[in-house]
């Protein structure tokens, strides 16, 4: 286009390009952003936002008059409410995964040529759908029981490990709200002591949907003690609330035999706990002969293994010996990790 004075062209105006609209999914809403690459200014004006009528395809209603300043304010968040009543009220309830279509009308003016008046320009039509950003419901977590009386002591000593087996499920509803089913990952949190802050232990994201069981294997010295909780993560990578925290403690006993045979046959050659070093944080034992003379002292360790020799390395004769052991066990609560004195006797047979 040319600007003339009588028959003489003075200048050529810039070619106007279209207004570009983008529509982005938001939480139960749709966010609109637009830009106008035109030779006039659209700043400090009121732009119109149109939304298509879902019951009348192709028919658009003005839902908002947006007061804009600079380009970074060319935005609108549609929550379904019609804020422009001049052409009627067309408020709707925004539904997740339902497509809504929009266009924007910008208004501008040539700064140096105000005589041309207001210039209106329509964007293209863009569509988007709201998303559901509600977090997943907290899973329902459970852990296998520990029966210290029936604990398979030989098995845990053979493998030198113990295991906590966790399982969980996502409820169908919670507090009257239907729980999400698009779970892509479960995060398992663990704290060694009851008073500690749990930290991420494992993320379960395979297969799809993820497994709902987990086995936490640990050394016999650490034992079962610890606390767990679990969270679910949905397809939008939103982590839900924590499950109830469940804790497990170690067995609070140390069982010592009353006979051993240090004869080198590979059977019962050492005096050690019947549960190997399971749950023991520290043990210090003193051995006395029948005359009350101390013949051996282990020193602090988490392992007891007396081979029937004195502290100086001499083999002790067969007979009855007495011991005083100070034992500290690994417990769930730190305040329970105090030394306990155990007294008894042991028969040494060669």
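Before moving on, here are some points about what is shown:
- The listed residue being modelled with pLDDT of 95 or more, under 20 Å from residue 159 (Cα atoms) and within 16 Å of the chain's Cα centre (by Cα), out of 224, 214: 214
- Residues of the stretch 22-47 that turn out to be over 15 Å from residue 120 (Cβ atoms) and part of a strand (DSSP E or B), as a count: 12
- The lone exception for residue 231 - which of (1) under 21 Å from residue 174 (Cα atoms); (2) more than 11 Å from the chain's Cα centre (by Cα) it fails: (2)
- Breaking point among (1) in contact with a strand residue (DSSP E or B) (Cβ under 6 Å, 6 or more places away or on another chain); (2) within 20 Å of residue 126 (Cα to Cα); (3) assigned to a loop (DSSP other than H, G, I, E, B), for residue 50: (3)
- Considered as a group, the residues in the stretch 275-300 that are part of a loop (DSSP other than H, G, I, E, B) and under 54 Å from the mean Cα position of the chain (by Cα) include one that is modelled with the lowest pLDDT, and that residue is 275.
- Of everything in the stretch 187-202 that is exposed (fewer than 11 other Cβ atoms within 10 Å of the Cβ) and in a strand (DSSP E or B), the residue that is nearest to the chain's Cα centre (by Cα) is 200.
- Condition met for residue 134 (surrounded by 14 or more Cβ atoms within 10 Å (Cβ to Cβ) and not in a strand (DSSP E or B)): yes
- Residue 244 outside any strand (DSSP E or B), more than 24 Å from residue 322 (Cβ to Cβ) and at pLDDT 95 or above: yes
- Test: residue in the stretch 264-274 that is at pLDDT 95 or above and over 30 Å from residue 196 (Cα atoms): no
- Taken residue by residue, the stretch 212-220 has at least one member that is assigned to a loop (DSSP other than H, G, I, E, B), in contact (Cβ under 8 Å) with a residue 12 or more places away in the chain and under 14 Å from residue 186 (Cα atoms).
- When residue 112 is tested against the conditions (1) surrounded by fewer than 18 Cβ atoms within 10 Å (Cβ to Cβ); (2) in contact (Cβ under 8 Å) with a residue 24 or more places away in the chain, the lone failure is (2).
- Only a single criterion out of (1) at pLDDT below 90; (2) touching a helix residue (DSSP H, G or I) at 6+ places or on another chain (Cβ under 9 Å) is not satisfied by residue 249, namely (1).
- On the stretch given as the stretch 305-350, residues that are within 51 Å of the chain's Cα centre (by Cα), loosely packed, with under 13 Cβ neighbours inside 10 Å, more than 20 Å from residue 220 (Cα to Cα) and touching a residue at least 12 places away in the same chain (Cβ under 8 Å) total 3.
Let's see how each residue does on (1) modelled with pLDDT under 95; (2) assigned to a loop (DSSP other than H, G, I, E, B); (3) more than 30 Å from residue 182 (Cα to Cα):
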site: 69; (1), (2), (3): yes, yes, yes
site: 76; (1), (2), (3): no, no, no
site: 80; (1), (2), (3): no, yes, no
site: 88; (1), (2), (3): yes, yes, yes
site: 93; (1), (2), (3): yes, yes, no
site: 97; (1), (2), (3): yes, yes, no
site: 104; (1), (2), (3): no, no, yes
site: 107; (1), (2), (3): yes, no, yes
site: 111; (1), (2), (3): yes, yes, yes
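- Taken together, the residues in the stretch 227-240 that are surrounded by fewer than 16 Cβ atoms within 10 Å (Cβ to Cβ) and either modelled with pLDDT of 95 or more or touching a strand residue (DSSP E or B) at 6+ places or on another chain (Cβ under 6 Å) (or both) amount to 2.
- Among residues of the stretch 252-294 being under 18 Å from residue 313 (Cα atoms) and in contact (Cβ under 8 Å) with a residue 60 or more places away in the chain, the one that is surrounded by the most Cβ atoms within 10 Å (Cβ to Cβ) is 271.
- Across the stretch 203-225, the number of residues qualifying as surrounded by 14 or more Cβ atoms within 10 Å (Cβ to Cβ) and over 25 Å from residue 342 (Cβ atoms) comes to 7.
- Hits in the stretch 172-186 (condition: assigned to a loop (DSSP other than H, G, I, E, B) and exposed (fewer than 11 other Cβ atoms within 10 Å of the Cβ)): 172, 175, 176
The values are calculated or read from the model by the stated rules, or taken from the named source; none is laboratory data. Remember, predicted model here, so these are calculated numbers, not experimental data. When we count neighbours, we look across all protein chains shown, and the Cβ atoms used for this are built from the backbone with ideal geometry, even at glycine.
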